[in-house]
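Some notes on the structure that comes next.
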Amino acid sequence: MEQAKQKMSLAAKINVMRASVMGANDGILSVAGIVIGVAGANASSYAIFLAGIAGMLAGTISMAMGEWVSVSTQRDTEKRAIAKEAQALDDDYQGEFEFIKNKYMATGISEALSKQATKEMLSKDSLDIATRERYGFDPKVKTSAFSAAIASMISFPIGSLLPLLAITLFDPQIRVMATFAAVVIALAITGSTAAALGNANKTKAVMRNVISGLLTMAITFLIGSLFA
């Protein structure tokens with residue numbers, strides 16, 4: 001039971017960290033695209049700031065609701081899978097037993113050992129084990145839609161402050177380039193952090209993040225310039 005609690009706690013922390021990093025990343029990228037686009041149209045600092053604030057508020061609500069809906073949908077799907085597996089164990093226990101045994105055999109384990117392992121595991125916690133083996137998730141690991149939503153609600157505006165402040169505080173002659181530079185640095189940090197959380201290649205993650213940011217700002221600036 002203690003191990004399960006620790007596992008649930010770790011899953012919850014990772015879920016919040018993921019939502020926080022992605023919220024900050026989207027805040028940087030979304031608001032940067034908005035303010036750079038408006039600046040491209042040679043708008044006043046006040047107009048740029050107002051557009052950035054509007055984007056920040058809209059994005060904050062959108063990200064929070066998106067995380068809540070996404071995680072809630074995932075939890076609902078998992079609940080249906082657990083219920084379906086519980087019914088399958090009641091209706092055809094042997095069929096589920098054979099499915100798990102064959103899955104173990106497919107990894108190279110002998111039939112005798114696979115049968116013994118399946119028997120021992122199902123005797124302890126049949127529903128959790130069967131669900132994990134058939135659907136690929138651990139029913140004991142819980143994720144919180146509310147926590148993810150709050151994390152995004154906090155991190156999105158924090159991330160969006162960087163491009164908003166850069167575009168409004170720097171001299172009009174250099175504000176666009178200064179914002180480009182600030183956003184690239186920030187996206188490199190969030191890309192690296194996201195890669196660390198997912199055990200992914202940091203260099204590739206940073207490059208993808210930075211390139212997507214540069215493309216976003218370049219496109220919005222070009223579109224804004226067309227209306228200058």
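The values are calculated or read from the model by the stated rules, or taken from the named source; none is laboratory data. Note that this is a predicted model, so its numbers are computed, not measured. Glycine gets a Cβ as well: all are built from the backbone with ideal geometry, and neighbour counts include every protein chain shown. Note: accessible area is taken over every heavy atom of the protein model, side chains too, but ligands, DNA and RNA are not part of it. Shrake-Rupley method; radii C 1.70, N 1.55, O 1.52, S 1.80 Å.
For the stretch 127-143, name all the residues that are part of a helix (DSSP H, G or I) and either open to solvent by 40 Å² or more (accessible area, probe 1.4 Å) or acidic (Asp, Glu) (or both). Those that are part of a helix (DSSP H, G or I) and either open to solvent by 40 Å² or more (accessible area, probe 1.4 Å) or acidic (Asp, Glu) (or both): Leu127, Asp128, Arg132, Glu133, Arg134, Tyr135. For the stretch 133-148, the set of residues classified as under 13 Å from the mean Cα position of the chain (by Cα) and at pLDDT 90 or above is empty. Scanning the stretch 189-205 for residues that are open to solvent by 30 Å² or more (accessible area, probe 1.4 Å) and either of a type in the set (D, E, K, R) or part of a helix (DSSP H, G or I) (or both) turns up Ile189, Ser192, Thr193, Ala194, Ala196, Leu197, Lys202, Thr203, Lys204. Number of residues in the stretch 91-114 that are surrounded by 10 or more Cβ atoms within 10 Å (Cβ to Cβ) and under 16 Å from Arg134 (Cα atoms): the value is 14.
Any chance the stretch 158-175 includes a residue that's part of a helix (DSSP H, G or I), open to solvent by less than 60 Å² (accessible area, probe 1.4 Å), within 30 Å of Thr73 (Cα to Cα) and not small (Gly, Ala, Ser)? Within the stretch 158-175 (the criterion being part of a helix (DSSP H, G or I), open to solvent by less than 60 Å² (accessible area, probe 1.4 Å), within 30 Å of Thr73 (Cα to Cα) and not small (Gly, Ala, Ser)), the answer is no, since none of the residues qualifies.
The set of residues in the stretch 29-55 that are within 10 Å of Pro163 (Cβ to Cβ) and open to solvent by 10 Å² or more (accessible area, probe 1.4 Å) comprises Leu29, Ser30, Ile34, Gly55.
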